[in-house]
Every structure is written in C-alpha cells, then in structure tokens.
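The values are calculated or read from the model by the stated rules, or taken from the named source; none is laboratory data. Since we're looking at a predicted model, the values are computed, not measured. Here the Cβ is made from the backbone with ideal geometry for all residues, glycine too, and neighbour counts use every protein chain on show. Just the protein is used for accessible areas: all its heavy atoms, side chains included, with ligands, DNA and RNA removed. Shrake-Rupley method; radii C 1.70, N 1.55, O 1.52, S 1.80 Å.
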Amino acid sequence: MVVSLRLPSLSSLFLPSVSRRSPAVLPRHHHRILRTPVFAASFSAQTTVSETDDRVDTQKSNRVQDQAVTPRSKDFNAWYLDVIEQAELADYGPVRGTMVIRPYGYAIWEAIQDYLNVKFKETGHSNMYFPQFIPYSFIEKEASHVEGFSPELAVVTIGGGKELEEKLVVRPTSETIVNHMFTQWIHSYRDLPLMVNQWANVTRWEMRTKPFVRTLEFLWQEGHTAHATPEEAEKEAIQMIDVYTKFAYEQTAIPVIAGRKSKVETFAGAVKTYTIEAMMGDRKALQAGTSHNLGQNFSRAFGTQFTDESGLRQHVWQTSWAVSTRFVGGIIMTHGDDTGLMLPPKIAPIQVVIIPIWKKDDDRAVVLNAASSVKEALHAAGIKVKLDDSDQRTPGWKFNFWEMKGVPLRIEIGPRDVSSQSVVVSRRDVPGKQGKVFGISMEPSVLEAYIKDKLDEIQSSLLEKAESFRDSNIVDVSSYDELKVAISQGKWARGPWSAGDKEELRVKEETGATIRCFPFEQPLGIKSCFMTGNPAEEVAIFAKSY
C-alpha cells in the first residue's frame, strides 16, 4: 500500500535550521569530510611501535584524533555531531530530521531495553503493542492533548491511492488509542489495575532536530496503566519515575534530579508530570524521562469506565511514562570528552577490548593464542569482551578507534607479555600513562577479578565526576536578577518559587530558561518567592534545555 503524508509547511521543514547549536541536518559536504576512512589513513601513517617494550606510542595518533573531533570547549554541538559520526552511532536518513541508528548505537539502546524490560516486569507490567496509525478523531477527543501535539503531527490522508475517509495520525504518543482499547477491555474492578508497556517508534514533526536528542522519528518505551483509585495512579506514577532515577544513576552514571514539572511544562492531558532532569556537558538540561499522572482526563474523554465493588460506574484513573533513545544522547553529552565517547561499563556494548601487538610474523600466532585465551576467560566470567585481531589496522589506530567508541578498558598483549604471562590494562576514563597498569597476571581468576574491580571503579568514577560537575554548576538564587546572572553564565538556577504561569513565561521569554522541575528533595521551611516575594513552600530549578 502506498501511503502519502500531508504535512504542515513542507517547504520550510526541509530548510536548514538557523540555529548554529542545533542544526536540522549536518550539511552533506561536511558530513563527507568527517567520514572514518579519512582519519583512518592518518592514524596508520602516524603510528609508531616502541622498540623497548612492545607498547604503542599513541601520542602522534592522538593528535590526529584531536583534529578529527571538534574540541568540546570550542563548539559543543559540533563535537557532539563528530562523536556520533566517528563512533559510528548513527547516520542521517534520507528524510530531513531522521536518523539511521547504526549497530553500535543500537547496542547501547538494547542495553537500556535489557535493564528496563526486567524492571517493568518486576513491577507488574506486561509488554504488548498498539498500532502506529491513530484515527485523527481520537486525538481531538482530549482538548489539551490535541492542542499540545497538533504542531508536531504527521497526518496520513491518502492510502492505497485513494483519499481516506478519515485522516490518520502517525503515532506521536499512544494515550488516545490505548484508551480506545482500555474501554473495550475494562468492565469491572476485577479488571484493574491494567498495566502494559510497549517498545515502539513515534513520529513528531520537529522543526529543529538533533540526532538522538530530537528527531522526527525516535524509539522509546511507553507504559500505560489504569487504576481504580487516584491514590493507586499517583503511586504508580511515582514508582516509575523512581525506576528511571535508579536506572540513570546505577546504569548510565547520570546524576539526574527527579521532581515535578510546573503546570506550564506538564504533559498535554496530564494532571501531574514527573521528570528526571540531567545536566549535559554544556550545562544545558536534558529531560531524560517522564511519568505522568493522567487523572481521569482521558478516561472521561473516551468513556473508559468500570463497575466498582459497590456496583457504581466510575471512570478509571490512569498513568503513562516513557524514556527514549534520547537517553543515548544524554550518555554522550554527559561523559564524552575530546577523544570521543566514554561509556559507563554497565551500559557499554563492549566493556573490554583486547589489542594484540606484534612486530615479527613469528610472534603473531603466539600473541593471538594468548589473546584468544584471555578473551575466552573474560567471556566465561560474564564480561562483554572483544578481541580486535584484524590485520588491516595498526595497534595505534585500534587504540584510538576503540577510545573513540568509549570502551571502558583496553587490554594490550605483546610477545613480552606472553613470556611473562601478564597483560597491560588501560582505562578509558584516565588518559595517558596514569590510566595504564603493567604486569597484570593472565591467570584467569586473577585477571577476571582485576577487570571486574576496574569496571566497578570506572562506573563509580564517572558518576562522581558527573555529580561534581552538576553540583558546581547549580546556583542558589534569591532574586530574579540573580537568576538572570546565573542563566547568562550557563548555569542552573535554584530558588523559591510560588509565582504563576504568567511569571514563568516571562522568565522563559527574557532568559530562555524554563522551570525544569520542583525537585522531590526540598529544603525545609517556608521561603519567599524570588519573583513575587510571596511565601513559597518549594524551590524550583531553572535552566536552558534541549
């Protein structure tokens, strides 16, 4: 079947963005310049092998690498795009604003899926799937929902060569179609709670796009639940934001701040929205995950009712919650450096890469046999390990390539290491000689314990570093002038707030910052709102965001 999309302002959508920080697409000529083979040839030419210890001198090749990736401090957005390109995470699709997720980038998403899928099932949710095409009339049933999403909708008007009787929306989110089905499945209190999740793609016609962070189509999971009481729905919404918070800290080493969104920033159709907000390397905020208490807004719009234990008909209380491939972008921007990607071990597709090194053909078989034995031992211990035994590239090129891809640990094995039954281990998060340790025994139990210990160290170190960066860039403010200064310096501002929507929109218009959340962790006591001077029970965090 041929499907035609009728979309708003098509001509404008295919024009490059005017924003230098968030271009809609990378210009194709620039894209070609950054292709891997260009810098790969330079790596080979710049690599030398030490004649004293069989180690590879990567200083020269590191300089080549620096030329291939724009320094973060020079242009953070260009650095981000370079890392995605050079680490082979994604490429641009033929339709403006879309991306092709490459195997290595998708492997990171799979690691996210693997963890969350277990947690969702542990908390009582079942996976299922809802159709991608949604009748337009469904979107119109909930007034605030259609108002919030209408600028981003992709609408199908032709199918099978004929004008459709009713236009269809390509799924921007699934609350409407979920409620349509829930209405057919829920009849009495015995059918509740109904708790499902789906792993799917969604389409939102964004005017400005950025790979992983904001694209026309992206991957996510979206949970949907229905409950008999408002208390159960609220408990569910909080439970799921807690799941996301734990995931961010423990798996991705991203120290998010969890809290409640303001009314202005609440999801279209929700009563309350809870969020986890992460500080990126450029100090912008990234909304990394959300959980919504939908109240009865959608159940009233769709007539989703149940018969309670007293025999009365009531509308169900609902939640929805989601994280997406945006998290991959968050990992890049939180931990990456001028060398490239830096992955926390728990989320890394490859935790350890083994690089065999030899100068003489006579040494090749011996070194490769030892490297294979080390790989087998680590693999048996449950460590995600790769042996790069390709002959096409020099060891120095491989060092830089796997550093670019953010592999947490590198094991080097040369002829002298084989003779001494030891290896050299280098940490990705500690550059240069400081991160390199010689003489680690090849004996499986010793090496396995050492590697696992180092992976745990790296995981903790990345979290500590990110926490320190975040905390040093949050400023407590007690006046609007102080907020404006903090935001102008690129920092987050935290201060007492009890003002209304009008004042919140004023802050956004004058500073570019929004209320990211009212954190769950609040200081005690009544304070004075820095905007109005009125009593304020909560502090809010303001920041510019993606």
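Filtering Phe267, Phe182 for residues that are at pLDDT 95 or above, farther than 27 Å from Ala348 by Cα and either of a type in the set (A, V, I, L, M) or out of contact with any Cys (no Cβ under 7 Å at 6 or more places or on another chain) (or both) leaves a single hit, Phe182.
Taking residues in the stretch 421-439 that are more than 17 Å from Pro395 (Cβ to Cβ), and partners anywhere that are hydrophobic (A, V, I, L, M, F, W, C) and surrounded by fewer than 18 Cβ atoms within 10 Å (Cβ to Cβ), the pairs with Cβ atoms closer than 6 Å and at least 6 places apart or on different chains are Ser422/Ile440.
Meeting the requirement of 1 or more residues that are of a type in the set (Lys, Arg) and either open to solvent by 20 Å² or more (accessible area, probe 1.4 Å) or closer than 30 Å to Pro94 by Cβ (or both), the helices (runs of 4 or more DSSP H) wholly within the stretch 130-247 are 136-141. Screening the candidates Gly406, Gly432, Gly414 for the property of being touching a helix residue (DSSP H, G or I) at 6+ places or on another chain (Cβ under 8 Å) and at positive phi yields one hit, Gly406. When Thr70, Thr48 are checked against the criterion of being modelled with pLDDT of 95 or more and outside the structural domain of Ala248 (by the TED database), Thr70 stands alone in meeting it.
Here Val100 passes the criteria (1) within 19 Å of the chain's Cα centre (by Cα); (2) open to solvent by 40 Å² or more (accessible area, probe 1.4 Å); (3) within 16 Å of Gln198 (Cβ to Cβ) except the one numbered (3). Within the stretch 440-453, restricting attention to residues that are among the charged types (D, E, K, R) and without any contact (Cβ under 8 Å) to a residue 40 or more places away in the chain, the residue that is farthest from Lys465 (Cα to Cα) is Glu443.
When Leu89 is tested against (1) in contact with a helix residue (DSSP H, G or I) (Cβ under 7 Å, 6 or more places away or on another chain); (2) modelled with pLDDT under 50, only condition (2) is not met.
Could you list, in sequence order, the residues of the stretch 492-517 that are of a type in the set (D, E, K, R) and under 24 Å from Met280 (Cα atoms)? Spell out how you get there, then give the answer.
If we filter the stretch 492-517 for residues that are of a type in the set (D, E, K, R), which is where we start, we get 494, 501-504, 506, 508-510, 516.
Passing the criteria: Arg494, Glu504, Lys508, Glu509, Glu510, Arg516.
The set of residues in the stretch 381-408 being more than 27 Å from Met333 (Cβ to Cβ) and touching a residue at least 40 places away in the same chain (Cβ under 8 Å) consists of Ala381, Arg393, Thr394, Pro395, Gly396.
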